[in-house]
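Input: a single structure, listed below in C-alpha cells.
The values are calculated or read from the model by the stated rules, or taken from the named source; none is laboratory data. Remember, predicted model here, so these are calculated numbers, not experimental data. Note that each Cβ is placed from the backbone with ideal geometry, even for glycine, and that neighbours are counted across all protein chains shown. Each accessible area value is taken on the protein alone, full model and side chains, heavy atoms only, with ligands, DNA and RNA left out. Shrake-Rupley method; radii C 1.70, N 1.55, O 1.52, S 1.80 Å.
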Amino acid sequence: DSIPYRKGRLEAIAYVKRNGRSVVTATHAVETTGKAVRLVATPDNATWKADGQDLQHVRLTAVDSKGRRVWAANDELVFSVEGGACIVAVTNGDSTSDELNAAPDFDTSKTVTAHRRLWNGSAMVILRSGREPAAVTLTTKAPSYKPVITKLTTN
C-alpha cells in the first residue's frame, strides 16, 4: 500500500551466472491496460470428436483496444449453444465463487444457457459433443460487449 500507483510497464528478468557471465533465463512483463472493449473466444480442441464424450473448452477473455487482457474485467457472461453439442460446465478459476460450475441441462436437442462472471478478465465454457458430426454455434453475451458468435464443428 505504500507504493503509489502509476500506469506503465513492469518487466522482471531472471539471470543466472554461467562461466562468470550473466545469462537471461526468463522474462515476464505486465502492462497497464485500457478499458475492456470486446471479448475474445479461444477454443482448445481442433479435432473435436462427435462421440458424445469429447469436450471443447472455450476461453472468453476481455481485452482492451490493443488486444491485451483486462484483468479487472468482471462482467457476467451468458452462454448459449445450438447444434450438436451441449454446455456441461462453466468456470472462471475463482475458487471463492458461489456460482455453479455444472450446466443446468445436458440435452443437445435444445438450446441451453448458462452464465458465469469473468474473473481476472477470463471465463470458460465447456461443451460436450453430440454423437453425430454437426455444426455447433456458441453465443456469448454480456451487457458491455457485442455478442461473440463462435462457430465450431464436431467430426
What pairs come out if I take residues in the range 116-137 that are without any contact (Cβ under 8 Å) to a residue 24 or more places away in the chain and pair them with residues that are buried (at least 23 other Cβ atoms within 10 Å of the Cβ) and not charged (D, E, K, R) whose C-beta lies under 8 Å away, six or more apart or interchain? none
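Is it fair to say residue 71 is under 13 Å from the mean Cα position of the chain (by Cα), among the hydrophobic types (A, V, I, L, M, F, W, C), open to solvent by 80 Å² or more (accessible area, probe 1.4 Å) and at pLDDT below 95? Write out each step before concluding.
Numbers: under 13 Å from the mean Cα position of the chain (by Cα): yes; among the hydrophobic types (A, V, I, L, M, F, W, C): yes; open to solvent by 80 Å² or more (accessible area, probe 1.4 Å): yes; at pLDDT below 95: yes.
Yes.
If you take the residues in the range 74-91 that are β-branched (Val, Ile, Thr) and open to solvent by 10 Å² or more (accessible area, probe 1.4 Å), which one is nearest to the chain's Cα centre (by Cα)?
So in the range 74-91, the residues β-branched (Val, Ile, Thr) come out as 78, 81, 87-88, 90-91.
Checking which are open to solvent by 10 Å² or more (accessible area, probe 1.4 Å) leaves us with 78, 88, 91.
Values: 78: 13, 88: 15, 91: 9 Å.
Restricting to residues being β-branched (Val, Ile, Thr) and open to solvent by 10 Å² or more (accessible area, probe 1.4 Å), the top hit is 91.
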Before we move on, is residue 128 under 25 Å from residue 65 (Cβ atoms), among the charged types (D, E, K, R), modelled with pLDDT of 90 or more and buried (at least 16 other Cβ atoms within 10 Å of the Cβ)? no
For the range 20-56, how many residues are assigned to a strand (DSSP E or B), out of contact with any Leu (no Cβ under 8 Å at 6 or more places or on another chain) and open to solvent by less than 60 Å² (accessible area, probe 1.4 Å)? 2
May I ask you to list pairs of residues, at least six apart or on different chains, whose Cβ atoms are under 9 Å apart, with the first in the range 37-51 being in contact (Cβ under 8 Å) with a residue 60 or more places away in the chain and the second being assigned to a loop (DSSP other than H, G, I, E, B) and of a type in the set (D, E, K, R)? 37/64; 38/64; 39/75; 47/54; 48/54; 50/131; 50/132; 51/131
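Residue 81 - would you say it is part of a strand (DSSP E or B), without any contact (Cβ under 8 Å) to a residue 40 or more places away in the chain and not basic (Lys, Arg)? I'd like the intermediate steps shown before the answer.
Numbers: part of a strand (DSSP E or B): yes; without any contact (Cβ under 8 Å) to a residue 40 or more places away in the chain: no; not basic (Lys, Arg): yes.
Spelling it out, it is not the case that residue 81 is part of a strand (DSSP E or B), without any contact (Cβ under 8 Å) to a residue 40 or more places away in the chain and not basic (Lys, Arg).
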Output the number of residues of the range 57-68 satisfying the condition of being of a type in the set (Gly, Ala, Ser) and surrounded by fewer than 18 Cβ atoms within 10 Å (Cβ to Cβ). 2
Subset of the range 40-54, residues among the small types (Gly, Ala, Ser) and touching an Asp or Glu at 6+ places or on another chain (Cβ under 8 Å), comes to 50
Which members of the range 7-19 meet the condition of being outside any strand (DSSP E or B) and either modelled with pLDDT under 90 or closer than 26 Å to residue 70 by Cβ (or both)? 7, 8
